[in-house]
Amino acid sequence: MKIDRRSFLGLGLGAAAGVALSPVGVKLTDDSSIWTQNWPWTPVPEDGKITYDRSVCSLCPGACGISVKKINGRPVKIEGLDDYPINNGGACPHGISGLQYLYDPARIKTPLKKNGNKFEKISWDEAISLVAQKLGEIRKSGTPESLGLITGADSGSMAQLFERFMDAFGSPNTYNMPSLESNLALTAAALHGADRNLGFDLDHSDFILSFGAAIIEGWGSPVACIQANASRRERKAKLVQVDYRLSNTANAADKIIAVKPGTEADLALGICAVLLAKNLIAGDVNTSAFAAMLAKEYTPEKVEAITGVKAADMEALAMEFIKAKAPVAVPGKGRGDVGQSLREFAAVQALNALADRLNKKGGVFVMYPADYLSFSENVMDDAAKQGASKAKLAGSVNELVDKLEKDGGLSALFIYNANPCYALNNPEKVKVAMDKVGFKVSFSSFMDETALRSDVVLPASIFLERLEDVVSGGGLAKTVVGLCRPMVKPIFDTKHPGDALILLAQAMGDSIAQSFSWNSYDACLEQVTGKIWDTLSGDGYVVIDDKPPVGTPATDFTFLASAPKAAVPMGEGDYTLVPVDKMRLAVGSMISSPFAVKIISDKVLSGKYSVVEINPATAGILKDGDIAVLKTAMGKALVKIGFNEGIMPGVIGMPRGLGHAFNNPYVAGKGVNVNDLIGPVIEPGSGLDAAFGIKATLSKA
Amino acid sequence: MVIDLDKCTGCGACMVSCMSENNVPFKEDESDKKLSITWMRVYKLTNGKSFPEAEIVYLPRPCQHCGGIGDHGHSPCVSVCPATATDYGYDTGIVSQIYTRCFGCRYCMGACPYHARHFNWWDPKWPEGMENYLSPNVSPRMRGVVEKCSFCYHRYQLAREQAIVEDREIEEKEYQTACTTACPAGAIVFGDLNNPAHKVHQIVKPDPHPDPMNHKVVGKSRNPKVFRLLERLGTNPKVYYMSDREWVRKAGDNYLKGEWENVKTHHGASSSHG
């Protein structure tokens with residue numbers, strides 16, 4: 001057939017009509033819209049039966065009750081547990097992110113052994129026998145006291161189990177990382193006697209005088225504190241914040257008393273002096289050396305010169321404080337853990353004592369630690385007895401770092417629940433000190449800065465995979481023991497650190513094995529919590545005490561009467577650099593989750609830069625958003641300038657909790673660790689690192 | 001929903017609770033907030049003064065679930081969606097988002113005055129193993145679609161199913177959004193604005209009649225401390241904010257010189273219907 005013009009057009013038109021009428025085109029468009037959105041790699045979460053399980057969060061000392069929502073036994077969501085005596089349904093961003101810790105592929109998945117610069121995977125049997133052999137050699141050499149322990153936990157059965165191991169091994173060298181709990185315990189020891197805790201009854205106080213405490217930004221038990229603050233308006237309770245920057249707590253306060261950084265203690269002592277001068281105090285301390293010291297050193301004029309608070313304002317504040325029905329003074333700048341001085345804590349607590357606020361509703365409770373654990377007598381052989389009775393190498397973890405860095409002294413070190421190579425000031429020095437220890441064993445769940453420097457890692461199951469008693473801490477005016485329960489079987493080849501310790505003790509044999517004769521940590525917990533186990537496992541918690549303790553404890557002002565000196569920030573510079581605690585950033589041994597990092601403001605973290613707060617009035621030629629070089633005696637860092645009207649001129653605020661250096665692109669390699677820029681200033685007497693800040697200079701990059 | 005800005009501490013629990021409830025993904029770098037998907041975002045506002053007079057307020061912003069002009073359901077985003085991927089629920093007052101219908105034109109993002117909508121420029125990626133915590137109640141989104149806060153609609157569905165089975169009304173506490181339950185300060189109150197027994201209604205006291213000064217506005221609060229964002233546009237959001245502080249209430253809109261005085265005196269004073 002010949003194709004002429006006519007038939008060509010006819011065919012063409014016919015084809016066009018056919019295509020237009022056929023459903024193929026519509027079908028293809030429809031399909032393509034479906035295909036473009038049905039990505040096979042977009043996960044389809046498995047559906048199933050919904051259940052809820054109760055547990056306790058042990059990420060921070062807050063010890064909140066949590067409710068874990070599960071689908072077919074698979075945890076999908078964490079929420080606050082209703083009616084739990086600490087957080088009553090509330091939760092914080094870190095606890096809610098708990099599942100990101102659980103499933104994080106950056107977790108340590110098996111036991112590891114350092115080989116040169118690399119870690120190699122080993123089995124649990126190998127790991128335990130390797131550590132047991134090394135420790136055995138140390139014992140054989142007759143220096144069991146050269147085993148050290150750095151830990152973050154200082155309460156509960158895990159803390160005692162580690163202590164027991166150290167004892168049975170024969171070493172007194174246990175050191176706690178600085179925490180609000182340890183600082184409060186030191187304060188209580190200095191003023192009221194050893195082995196006591198302090199609890200602040202914020203729920204019932206009608207006048208809270210906070211000396212820089214970030215009450216709604218992570219101080220103490222964060223959710224409980226946020227709730228106490230939220231109920232404040234209904235109770236018509238006042239909050240007065242002593243601070244040098246507009247923290248969220250200062251912002252929530254009824255009044256801000258602006259002080260120069262590091263002079264909070266002077267203001268507290270100044271208020272004490274006013275109360276004494278006006279004879280508005282309870283008890284008889286007028287004759288004491290403390291009163292004489294106050295009258296001499298802390299006259300309103302002198303305090304004004306030191307703190308920058310007008311004498312009249314301070315007197316008015318003192319009067320307001322003493323006239324309130326249930327006033328309480330709260331110590332602990334920021335979260336109250338690092339960079340605190342005993343002088344400051346004691347000064348604030350002295351104010352509470354003078355105002356007769358000890359063991360009063362809405363005041364400060366001087367409490368005995370929860371006494372619910374009964375371990376059987378530790379079996380100690382001669383080596384253990386000798387070693388354990390020797391003097392400790394240092395008084396605090398800061399002094400230990402100094403000692404190790406200068407002349408060593410430990411042949412092995414356990415690290416549990418602590419990340420000293422990040423969380424202490426001047427981590428470079430901590431790393432050098434760590435390198436002087438021959439053999440380091442980390443019980444970490446994540447390959448953090450400290451675990452990276454260990455020789456053996458015995459990976460710990462996280463709180464969602466383990467059974468444990470969790471004691472409320474953090475300045476709470478009640479003692480609640482909660483039961484953290486395993487929500488899932490361990491995701492990776494990890495163990496409960498309690499189990500790891502028991503296995504290790506048994507591998508060591510002899511008296512140490514006899515001290516750890518349990519089959520598992522779970523069996524140990526059931527045994528040592530004997531008295532309360534039934535309630536604990538049934539209700540999930542036991543309220544040990546939530547009433548003001550009876551009687552008024554004696555207060556010994558000797559420490560303060562000796563007029564301890566304030567820590568002076570190191571170095572030179574026009575500015576004072578201070579770390580700033582943010583609720584959305586985890587600190588200490590805890591690492592922020594990807595969700596927590598996601599919600600950090602771009603005024604805190606911008607790309608890879610930490611943003612520093614600076615008052616525009618003292619920014620000089622620097623403009624908002626500039627990249628600048630921040631220099632201190634300890635080092636320098638590139639930072640982004642963030643203008644903030646809410647900070648005292650001359651002060652630079654830098655967020656704490658950034659600048660992690662390990663391999664996890666979601667949470668590490670972001671910003672600068674402020675501790676890198678601050679050098680420790682060890683306070684004589686307490687051994688605390690009292691460096692609240694450091695002198696710094698800023699210049700345009 | 002009513003958010004008490006004087007109670008909010010800016011802790012961010014609502015944001016995290018929302019993300020973990022609704023399978024919102026995360027990227028390695030989330031510091032560019034224009035590209036950061038946050039159904040609930042907490043903004044920080046300042047009063048512009050210097051220390052120690054400076055003040056801040058945190059303003060949590062979920063989708064405002066606008067009822068549109070006159071509260072007839074023509075929300076800004078709904079009116080522009082060519083795919084009917086977002087719609088107004090006349091039964092619930094919730095603005096929906098159907099991801100499989102959305103083809104990513106982003107008109108709704110341009111139309112939304114509250115920046116409540118986010119676009120998936122990339123496929124979501126969870127680090128290996130982390131997809132294990134995803135919830136089956138909310139479908140993960142794919143590249144090329146817009147997403148936003150749903151007032152935890154799946155929680156409403158679950159509560160509704162239960163209520164139907166038991167042949168009763170949904171109780172106030174049965175349907176609460178993830179941000180509400182998470183808030184440690186108790187700053188967020190959620191419920192049925194039209195139900196006088198619910199706390200939200202008691203706080204807001206919404207005026208059922210159009211505002212006599214501006215007929216686009218319906219449901220204005222009769223509580224002088226309560227306001228809505230950009231209220232006079234007539235978007236009629238279902239999220240109300242509450243503050244004792246005047247500068248905070250003023251920050252709910254951009255006022256020309258002198259305008260605020262009129263609004264301030266009129267605010268909450270539409271007592272003709274009171």
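None of the figures in this text is laboratory data; all of them are computed from the coordinates on show. What you see is a predicted model; the values in this text were computed from it and never measured. Cβ: placed from backbone, ideal geometry, glycine included. Neighbour counts: every protein chain shown.
Just check region A:568-700 against the gyration tensor rule for me: Cα atoms, a ≥ b ≥ c as the square roots of the eigenvalues, rounded for a/c under 1.5, and otherwise prolate or oblate depending on whether a/b exceeds b/c. Judged from the Cα gyration tensor, region A:568-700 comes out oblate (a/c at least 1.5, b/c at or above a/b). Overall, region A:588-701 carries a charge dipole of about 320 debye about its Cα centre when +1 sits on the Cβ of Lys and Arg and -1 on the Cβ of Asp and Glu, all other atoms neutral. Give the separation of the Cα centroids, region A:155-224 to region A:409-478, in Å. Taking the Cα centre of each part, region A:155-224 and region A:409-478 sit 18 Å apart. Beta bridges from DSSP with both residues in region A:568-700: antiparallel share about 65 percent, rounded to the nearest 5.
Across region A:166-274, Cα-Cα distances exceeding 25 Å account for 32% of all pairs. Projection of the Cα convex hull of region B:59-120, averaged over all directions and equal to a quarter of that hull's surface, yields 4.5 nm².
Computed over the alpha carbons of region B:171-216, Rg followed by Dmax gives 13.3, 38 Å.
In the protein assembly as shown, taking the dipole from charged Cβ atoms about the Cα centre, the farthest positive-side position among B:Gly12, A:Asn426, B:Leu35 is held by B:Leu35. The angle separating the long axis of helix A:497-508 from the principal Cα axis of greatest extent in chain A is about 70 degrees. A dipole drawn for the protein assembly as shown from +1 and -1 charges on Cβ atoms has a positive end, and of B:Ala251, A:Leu191, B:His201 the residue lying farthest that way is B:Ala251. Quick one: work out the % antiparallel among DSSP beta bridges in chain A, nearest 5. Rounded to the nearest five, the antiparallel share is 55 percent. Exposed loop positions in chain A were taken to be GluC sites (Glu not before Pro) whose DSSP state is not H, G, I, E or B and which have at most 13 other beta-carbon atoms within 10 angstrom. Between these positions, the longest stretch is A:47-376.
A simple spin-label model places the labels of A:Thr558 and B:Asn195 6.5 nm from each other, with each point 7 Å out along Cα-to-Cβ. Bridgeable lysines around A:Lys310 (alpha carbons under 16 Å apart, same-chain partners fewer than 8 residues away excluded): A:Lys255, A:Lys260, A:Lys302. Of the residues A:Leu99, A:Ala159, A:Leu351, the one whose Cα sits farthest towards the positive end of the charge dipole of the protein assembly as shown is A:Leu99 (charges of +1 on Lys and Arg Cβ, -1 on Asp and Glu Cβ, taken about the Cα centre).
In the structure shown, the pairs A:Lys278/A:Lys360; A:Lys608/B:Lys238; B:Lys173/B:Lys205; A:Lys429/A:Lys603 are assessed against 27 Å; a Cα-Cα span above that value is assigned to A:Lys608/B:Lys238; A:Lys429/A:Lys603. By the Cβ distance rule of under 4.7 Å, chain B has these cysteines without a partner: B:Cys8, B:Cys11, B:Cys18, B:Cys66, B:Cys81, B:Cys102, B:Cys105, B:Cys112, B:Cys152, B:Cys183.
Exposure here means at most 13 other Cβ atoms within 10 Å; with GluC sites (Glu not before Pro) in a DSSP loop as sites, the longest stretch of chain B lacking them is B:172-274. The label point for A:Glu377 and the one for A:Ser32, both projected 7 Å from the Cα toward the Cβ, are 8.5 nm apart.
Here is the list for region A:548-589: trypsin sites (Lys or Arg not before Pro) lying in DSSP coil, each with at most 12 other C-beta atoms within 10 angstrom of its C-beta, are A:Lys565. Here the scattering of region B:136-274 is modelled by Debye summation over its C-alpha atoms, one equal scatterer each and no solvent; at q = 0.14, 0.17 Å⁻¹ the log10 of I(q)/I(0) is -0.79, -1.04.
Measuring how big chain A is from its alpha-carbon positions, Rg and Dmax come out at 29.1, 128 Å.
Which whole-number percent of Cα pairs in region A:181-367 have a distance greater than 25 Å? Tail fraction, whole percent: 26. Of the trypsin sites (Lys or Arg not before Pro) found in region A:214-317, the ones in coil according to DSSP and having at most 12 other Cβ atoms within 10 Å of their Cβ are A:Lys236, A:Lys278. To the nearest ten degrees, helix A:24-35 and the longest principal axis of the Cα atoms of chain A are 20 degrees apart. Taking trypsin sites (Lys or Arg not before Pro) across region B:1-78, the ones in a DSSP loop with at most 15 further Cβ atoms lying within 10 angstrom of their Cβ are B:Lys49.
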